[in-house]
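Have a look at the structure below before the remarks.
Derivation of every value follows stated rules applied to the coordinates shown; laboratory data play no part. Predicted model, so just to flag it, every value in this text is computed and none were measured. Cβ coordinates were reconstructed from backbone atoms using ideal geometry, including for glycine residues, and neighbour counts include every protein chain displayed.
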Amino acid sequence: MTYAGNRLVHDADSHLMESSDCLDPYFDAKLLARYHDLPAYKAKKSFDDFVKGKLGAHDDPAFRAGAAENILLRKNYEAHGAFRAADRPEVLDLLGFASQLVFTTFCLGNFGLDQGDDMDLCYAAAEAHNRMMTDFCSVDRRLLATAYIPLEDIDRAIRTARNAVEMGAKALMVPSTCPQNHAPSHVGLNPVWAMAEEAGLPILFHVGGEDKLNPAYKENGLPPVPDFHGGDDNFTSVSYMPIPNAAMQTLATMIFDGVFDRFPRLKFGAIELGAAWVPGWMRSMDSAAHAFMRNETRLQNLSARPSEIVRRQFRAAPYPHEDAGWIIANAGEEVCMFSSDYPHVEGGRNPLKRFDESLKGASARAVEAFYSGNFIDLMGEGLAADLRVSQLARTA
């Protein structure tokens, strides 16, 4: 029996655990030395001995023999399939998930290059990332590669999106933080959204591309607060709070400026950004549209209330500690999706149990939509045709 049992489950969030040299074979050779000079790369390189020790365990037959019984217990570099493409299909077999969106870990945020001046390196890093991800996921059609598209340079963004579609990416990930010199809704980016819509692929936002917590908030005169990993660099209660802020602003801007309406078949997803914020955000956008409708032609031209556009085209993956049932009750059955965050610690050891508990009051239709239907709708042509099958059709 798999972890998911007989139910149909699609996983909206999973990750690789990369070594420091993961992008080297895919990087433009002319820019590799500049990439190696980045502070983020040097910081990763300093942990090479630790990482290699963890990765080496996967060559031990005794360690590998425990993969099945520890499928949700071993985390990060110790997890089965976390870095070896050949092992990842077995992970899906053991979990029983019909498909899995796959994101990077080391490369999330594109090393801060989007906020810098070196656009050659910014787009070279994104292209290397996209080649790595599509290569890794090519071993199994259930593994859905995400490609990163920086929005800083409009012409390069269009080329990078085109390359990603051509190399077989199943979703285009963009930063939630605003580009330095134009809005994410700029009409020059229309070809990016058009390519995604035509290919039937979603546009995704993921944690890592958001505006970071002002570090001054940590200077409180008290001892450092440990995060999930024992340091204070990742999620803590304070740094958790602003995670969705940039996504809320960017998505609202794109809705108000008509991007969603210009591309009505295009779907958008927020992954590992939580979803408890979604109901209030929907209501705030409706309030803003009502308040400013008289003075803003763009609001008058919207095809529906912003909250209705959200239900039509936007999907979000709650954290396992959030009350998914409450979010569904207040945002609609169309919005929420399951995610495991495999193999990250934050996903926990039993995400299905945690979500099941929060969904006890939800309808059977809402539960089916949460575990599979909304993901199938989000992914469109990114899923193989036989994977775009609902639970009801599967059991008929």
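For the pair Lys52 and Thr2 in one chain, pulling the backbone fully straight at 0.36 nm per residue adds 15.0 nm over the alpha carbon distance.
Quick one: net charge of Asp49's neighbours, Cβ under 15 Å, K/R +1, D/E -1?
Summing Lys/Arg as +1 and Asp/Glu as -1 gives +3.
Checking (1) 20.4; (2) 22.7; (3) 24.3 against mean projected area of the Cα convex hull in nm² calculated from these atoms, the matching label is (1).
On a full-extension model of 0.36 nm per residue, what is the gain between His290 and Ala33, subtracting their alpha-carbon distance, rounded to one decimal in nm?
87.3 nm
Amide H contacts under 5 Å for Leu204: Leu172, Met173, Val174, Gly269, restricted to partners 5 or more places along the chain or on a different chain, H placed in the peptide plane at 1.01 Å from N.
For the pair Arg349 and Ala329, the difference between a 0.36 nm per residue extended length and the Cα-Cα distance amounts to 4.6 nm. Counting beta carbons within 10 Å around each of Ile149, Ile71, Ile154 and listing the fewest first gives the order Ile154, Ile71, Ile149.
With springs only between Cα atoms under 10 Å apart, run a GNM on the chain and tell me which of Arg312, Arg34, Arg131 wobbles the most. Most flexible of the set in this elastic network: Arg34. Taking Ala98, Ala86, Ala128 in turn, the Gaussian network model of the chain (Cα-Cα springs below 10 Å) assigns the largest fluctuation to Ala86. Look at Asp59, Asp377 and count the other Cβ atoms within 10 Å of each Cβ; fewest to most, that gives Asp59, Asp377.
Between the amide H of Phe97 and any residue lying 5 or more places away or on another chain, no distance stays under 5 Å, with hydrogens modeled in the peptide plane. When the listed pairs Lys75/Lys212; Lys75/Lys353; Lys30/Lys52 are checked against a 23 Å cut-off, the alpha-carbon distance exceeds it for Lys75/Lys212; Lys30/Lys52. About its Cα centre, the dipole of the chain is roughly 840 debye, where the only charges are +1 on Lys and Arg Cβ and -1 on Asp and Glu Cβ. Exposure proxy ranking for Met173, Met379, based on other Cβ atoms within 10 angstrom of each Cβ and starting from the fewest, stands as Met379, Met173.
What number comes out for the charge environment of Asp37, summing +1 per Lys or Arg and -1 per Asp or Glu over other residues with Cβ under 12 Å away? It works out to a net charge of +2. Within the shell of other residues whose beta carbon sits under 14 angstrom from the beta carbon of Gly348, the net charge comes to -3, with Lys and Arg scored +1 and Asp and Glu -1.
Using C-alpha pairs under 8 Å with a sequence gap of at least 6, the mean separation divided by the residue count of segment 10-395 gives a relative contact order of 18 percent.
Helical runs assigned H by DSSP (4 residues or longer) give the chain a calculated mean residue ellipticity at 222 nm of -10500 deg cm²/dmol, each run adding -39500 (n - 2.57) before division by the residue total. For a modelled paramagnetic label at Asn245, 7 Å from Cα along Cα-to-Cβ, the residues of segment 146-177 in reach, with backbone nitrogen under 20 Å, are 175-177. Considering only Gly269, Gly373, Gly96, the mean-square fluctuation computed in a Gaussian network model of the chain, springs between alpha carbons under 10 angstrom, is largest for Gly96. Computed about its Cα centre, the charge dipole of segment 257-396 is approximately 260 debye, with only Lys, Arg, Asp and Glu carrying charge at their Cβ.
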